[in-house]
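First the structure, in the form of structure tokens, and then the observations on it.
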Amino acid sequence: MEKTTSEASACGPEETASESANVPATEPPGEVAASESPGEEQTPKPQEPASQAPAAPVAAKPVPTSEDIPSAPLMLTLEDVTHSSVTVSWEPPERLGRLSLQGYVLELCREGASEWVPVNARPMMVTQQTVRNLALGDKFLLRVSAVSSAGASPPAVLEQPVHIQETVEAPKIRVPRHLRQTYVRQVGEAVNLQIPFQGKPKPQASWTHNGHALDSQRVSVRTGDHDSILFIRSAQRSDSGRYELTVQLEGLEAKAAIDILVIEKPGAPSSIRLLDVWGCNAALEWTPPKDTGNTELLGYTVQKADKKTGQWFTVLERYHSTTCTISDLIIGNSYSFRVFSENLCGLSASAAVTKELARIQKADIAAKPKGFIERDFLEAPSFTQPLADHTSTPGYSTQLFCSVRASPKPKIIWMKNNMEIQGNPRYRTLSDQGICTLEIRKPSSFDSGVYTCKAVNVLGEASVDCRLEVKASATH
């Protein structure tokens with residue numbers, strides 16, 4: 001199979017000629033040349049037997065005709081090339097021959113060589129094949145032949161040579177999510193940006209700051225195989241701006257821009273003055289600070305301090321206007337006011353303080369006291385919580401409760417079956433804060449009945465009652 005196209009097509013006849021060496025000389029002459037032309041539909045003539053061959057004639061094996069040999073495979077196509085493999089595919093031949101097709105043989109011929117090396121030792125019934133374990137820099141041709149029991153077809157040769165080289169992967173930058181918006185740092189903090197990228201072979205990475213080369217004395221850059229790191233040890237406001245990373249590879253490039261903002265605390269408002277004082281109110285006005293800290297202000301914080309205590313209290317926070325009115329000041333006190341600026345870093349280190357004091361004057365107000373009307377707290381007795389029916393067990397003390405409301409304090413009278421039980425040692429009565437309690441010590445069935453609590457004062461009386469039942473425990 002390592003011959004040229006014409007040689008591969010003549011493979012079958014040559015084998016026939018070698019096998020017919022013992023054919024007797026009586027075979028018709030002139031057919032040896034025909035066996036060398038596989039394209040012609042002729043039967044090859046067996047060669048003259050050697051002088052040492054036996055005299056008995058041997059029957060010649062028939063040489064396959066062109067109708068028995070399949071035609072060349074169609075549409076040999078290069079499907080894929082990687083750094084170590086190549087994949088090709090083809091279509092079956094138009095003519096398979098009268099004999100069965102055994103498969104296809106893929107061959108390879110390296111650049112500068114003349115021999116075709118079979119990729120698969122035996123024919124394979126596939127129309128796509130991958131050649132693996134190739135080395136970078138290899139350059140070769142590929143061809144494929146259809147093989148049947150009659151022989152191999154003319155090969156289909158790939159038009160262009162295959163060159164194995166490292167796969168080129170277009171560069172791509174993957175900016176982390178937190179860097180897709182403005183990256184804010186405070187003055188003095190470190191800036192450490194790690195930007196991953198892709199590309200094969202290793203691409204070249206470069207940085208710029210606002211379109212200019214980086215200051216190597218302030219900014220350090222380290223680029224690896226898969227990322228690039230930009231580092232600033234101590235950030236200053238001049239480091240703010242747009243940093244752009246460019247990754248280049250064989251004419252292809254990718255870019256990513258990162259906005260960095262270095263900020264610090266703002267300055268105090270330029271000036272503040274007391275506009276007016278009336279009633280319990282004071283009006284203030286101030287001017288914005290000259291330095292906002294390299295970022296927009298979030299507002300102003302206004303504080304007041306009483307001259308007597310000197311303690312500052314916040315009145316307004318993140319107030320956006322430059323004028324305000326302070327209300328609810330205490331009459332007779334004098335106040336100072338101060339204003340801070342605020343941004344993302346916090347309040348300004350100092351504040352603008354009013355030079356004048358806001359004195360809240362006492363107004364001429366004549367007090368007109370109203371006559372005092374004494375409230376009448378007298379109230380007739382009324383029960384807010386009545387007695388509840390109760391069941392008890394003999395030998396176990398039990399209690400009855402109720403609550404009464406009255407002014408003056410009422411007299412509490414307990415009765416059983418409408419008869420007073422005051423002074424009876426079997427009963428104990430208590431009255432505290434309107435809560436009336438009757439305790440029956442170790443009751444028996446004799447203590448069952450209707451119990452009444454009566455409250456009496458000078459304004460009237462009220463009573464509540466309940467039924468107590470003392471049941472003996474069941475015996476077995």
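The string of couplings for the stretch 206-216 from the Karplus curve (6.51, -1.76, 1.60, θ = phi - 60°) is 8, 10, 9, 10, 6, x, 10, 5, 6, 7, 5 Hz, one whole number per residue in order, with x for Gly and Pro. Considering only protein heavy atoms and a probe of 1.4 Å, how much of the accessible area of the stretch 100-141 is carbon and sulfur, as a whole percent? Ligands and nucleic acids excluded, carbon and sulfur reach 47 percent.
Rolled with a 1.4 Å probe across the full set of protein chains, the surface gives R95 an accessible area near 110 Å². Label 7 Å along Cα→Cβ of E317; the stretch 264-306 residues with amide nitrogen under 16 Å? Within reach of a label on E317, which here means backbone N under 16 Å from a point 7 Å along Cα→Cβ, the stretch 264-306 contributes 298-304. Computed over the stretch 205-364, relative contact order equals 21 percent, with contacts defined as Cα pairs under 8 Å that lie 6+ residues apart. How much of the pair distance distribution for the stretch 239-324 lies past 14 Å, counting alpha-carbon pairs only, in percent? For the stretch 239-324, the share of Cα pairs beyond 14 Å comes to 76 percent.
Principal axis analysis of the Cα atoms in the stretch 60-167 yields extents of 52, 25, 22 Å, listed in decreasing size. Put simply, the convex hull of the Cα atoms in the stretch 343-476 casts, on average, a shadow of 23.6 nm².
With 24 Å as the limit on Cα-Cα distance, the pairs of K409/K442; K307/K362; K308/K368; K304/K355; K307/K368 that go past it are K409/K442; K308/K368; K307/K368. One decimal place: the segment S220-T309 gains 26.7 nm when fully extended, by the rule 0.36 nm per residue minus the C-alpha distance. Taking all Cα pairs closer than 8 Å and separated by 6 or more residues, the relative contact order of the stretch 278-436 comes to 17 percent. The residues of the stretch 89-140 have, on average, 64 Å² of accessible surface per residue, using a 1.4 Å probe with all protein chains present. With N the number of residues in the stretch 153-225, Rg(Cα) / (2.2 N^0.38 Å) evaluates to 1.90. Here the average projected area of the convex hull drawn through the C-alpha atoms of the stretch 284-372 stands at 8.3 nm². Of all the accessible heavy-atom surface of the stretch 269-422, with the other protein chains kept in place and a 1.4 Å probe, what percent is carbon and sulfur? Carbon and sulfur: 50 percent of the exposed surface of the stretch 269-422. Our summary gives the stretch 369-476 a relative contact order of 35 percent, counting only alpha carbon pairs under 8 angstrom and 6 or more residues apart. About the centre of its Cα atoms, the stretch 340-473 shows a dipole size close to 240 debye [charges on the beta carbon of Lys, Arg (+1) and Asp, Glu (-1) only; nearest 20 debye]. Rolling a 1.4 Å probe across the protein heavy atoms gives the stretch 360-476 an accessible surface of 72 Å² per residue.
Only the Cβ atoms of Lys and Arg (+1) and of Asp and Glu (-1) were treated as charged; on that basis the dipole of the stretch 157-262 about its Cα centre amounts to roughly 520 debye.
The values are calculated or read from the model by the stated rules, or taken from the named source; none is laboratory data. Small disclaimer: the values here were computed from a predicted structure and weren't measured. Positions of Cβ are generated from backbone atoms using ideal geometry, with glycine treated the same way; all protein chains shown enter the neighbour counts. These accessible areas exclude ligands, DNA and RNA; they are computed on the full protein's heavy atoms, side chains included. Shrake-Rupley method; radii C 1.70, N 1.55, O 1.52, S 1.80 Å.
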